[in-house]
Amino acid sequence: MGGMVETTSFDVFDRNCPGRAVMEHIASRWGVLVLGVLLDGTRRFSELRRAVGGVSEKMLAQTLQALERDGLVHREVRPVIPPHVDYSLTPIGVPMAEQVRGLYRLIEGSTPDILAAQERYDQRKAVQ
């Protein structure tokens, strides 16, 4: 039997806040990308791995497990041969993934300005 969590105020700036770990899972290098892919629909592990370029099997498995534990991702094993495992967003995960998508779309749109800023910074540092 699962216990009820007491409704209280949480502050992710407090190092003891349990929400901080969830934030770290969502905002991690791979968590952001996995949530973004799953926002487009249910995927199998191999599909996720292909969609999230550069992620290792181990890191993808760890990321999915953390997001599943946090209640953001649903893992469903379909009893076929060989077994298929599908991953999808939960009702809690959808709005989180939408917020994350907003952030990376903002980053994508700002990339030319960011690259120019990095180049200016690097040139200043090279002169010093």
| With Cα atoms, 0 to 90° folded angle of helix 57-69 axis to the chain main axis | 70 degrees
| field | Per-residue [θ]222 nm for the chain (sum of -39500 (n - 2.57) over DSSP H runs n ≥ 4, rounded to 500) | value | -19000 deg cm²/dmol
| field | D_trans [Stokes-Einstein, Kirkwood Rh over alpha-carbon pairs] for the chain, 25 °C, 0.890 mPa s, µm² s⁻¹ | value | 145 µm²/s
| Cut-off of 10 Å, at most 15 other beta carbons, DSSP loop: longest stretch of the chain lacking such chymotrypsin sites (Phe, Trp or Tyr not before Pro) | 14-128
| note | Computed on Cα atoms only, the convex hull of the stretch 14-73 has an orientation-averaged projected area in nm² of 4.1 nm²
| Projected label distance in nm at residue 106 and residue 94, using a 7 Å step from Cα toward the beta-carbon | 2.3 nm
| said: Please check: in the Gaussian network model of the chain (C-alpha springs, under 10 Å), which one of 111, 42, 90 has the largest mean-square fluctuation. | reply: 111
| q = 0.14, 0.16 Å⁻¹, the stretch 56-126: log10 I(q)/I(0) [Debye, one scatterer per Cα] | -0.67, -0.76
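Values in this text are rule-based calculations from the coordinates and carry no lab data. These numbers come from a predicted model, not from an experiment. Positions of Cβ are backbone-derived with ideal geometry, glycine not excepted, and every protein chain shown enters the neighbour counts.
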